[in-house]
Amino acid sequence: MNLAELTTCMEDMGEKKFRAKQVFEWLHVHKAASYDEMQNIPKSLKQKMMDQGTITILEKEDLQISREDGTRKYLFKLEDGNMVESVLMRYSFGNSVCISSQVGCRMGCRFCASTLDGLLRSLTPAEMLDQIYRIERDINERVNHVVVMGTGEPMDNYDNIVKFIRLLTDENGANLSQRNLTVSTCGIVPRIRQLAEEHLQITLAISLHAPNQAKRLELMPVANKYEIHEVIDACKYYFDTTGRRITFEYSLVGGVNDSEEDARELSSLIKVLPCHINLIPVNPIKERNYVESSHKVVLAFKEKLEKYGINVTIRREMGRDIDGACGQLRRRHMKGEL
């Protein structure tokens, strides 16, 4: 519940309005895992809340910690027994958590483990929030940045994502700056345009992964519904409406989308709007025969983009020794390989 809904709930239970703000603070500031932790809430109200419903708390099923960089990959069990992954990455600028928005995914991107078993269901706002809250309690540190880039397509869970954003950035709660929140999409055009109308100050990341429609079709089935130039036009609309620069995620697949000609085409495609390219050497999965581009090819691709005036970085590889890519840990758990 947001604060307004919680206030209505308290009034319906015959309680004073101020109790809503107290409970909201316990949930979203102190990250309470039970009603018993709410010290200034009377027992009678705790019982009423227990009768109304439970607090959504995820159970830590597994944790892998990278020996290389300290990245922590969590496997959380949901109340219905389904599993989702979250990743904590430590940077010089603070702690960043990558969360999942669905159990599985139906987008079918060819290089991603998240989609291999299809979509089971979408996550609630509470299930998305609690991935962050459980990690904060586990490490006893604050999370400074959040990216919704784990398993699932956020724009395929639109209403819950928007409510999650508003809860996470509520000044009465966790109070994360919207500018420290990134939401990724493979390019569901109507939802990109709808998100622009929410007038949020988040960063929108587009999983592009191809310089033209033909190659995007090869890698991403969503391109059958939304042609690549439609996606770029929606991005222009998003920038014009919000003033927020677009980030394009581009996974480099060896011999598929990493040539100098690909770099030239990509530059021509995106130069129409202020943007940033995040190059990602693809993390190979055993179910596909895609390989990552060599370091030399990645650097050459970056240099080519920069020659065309594109702002570009190579994503720092984190957690390669712990099933770092989306969906890998969950899939191994499901198959009993752990």
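The values are calculated or read from the model by the stated rules, or taken from the named source; none is laboratory data. Just so it is clear, the model here is predicted, and its values are computed rather than measured. Because the Cβ atoms are built from the backbone with ideal geometry, glycine has one as well, and the counts that use them run over all protein chains shown.
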- Message: Suppose we keep only residues that are assigned to a helix (DSSP H, G or I) and out of contact with any helix residue (DSSP H, G or I) (no Cβ under 6 Å at 6 or more places or on another chain) within the range 169-194. Which one would you say is surrounded by the most Cβ atoms within 10 Å (Cβ to Cβ)?
- Response: Asn180
- Task: Return a yes/no flag: does the range 110-119 have any residue that is in contact with a Phe, Trp or Tyr (Cβ under 7 Å, 6 or more places away or on another chain), without any contact (Cβ under 8 Å) to a residue 60 or more places away in the chain and either among the charged types (D, E, K, R) or assigned by TED's automatic domain parsing to the domain that holds Gly187 (or both).
- Result: no
- Message: Scan the range 226-244 and tell me whether some residue there is free of Cβ contacts under 8 Å to residues at least 40 places away in the same chain, of a type outside the set (Phe, Trp, Tyr), touching a helix residue (DSSP H, G or I) at 6+ places or on another chain (Cβ under 8 Å) and under 25 Å from Gly150 (Cβ atoms).
- Response: no
- Meets criteria (assigned to a helix (DSSP H, G or I), farther than 30 Å from His145 by Cα, out of contact with any strand residue (DSSP E or B) (no Cβ under 6 Å at 6 or more places or on another chain) and of a type in the set (Gly, Ala, Ser)) for Ala223: no
- Query: Within the range 208-225, which residues are of a type in the set (A, V, I, L, M), closer than 19 Å to Gly255 by Cβ and either touching a residue at least 60 places away in the same chain (Cβ under 8 Å) or buried (at least 19 other Cβ atoms within 10 Å of the Cβ) (or both)?
  - Reply: Leu208, Ala210, Leu219, Met220
- Asp262 part of a helix (DSSP H, G or I) and loosely packed, with under 15 Cβ neighbours inside 10 Å: no
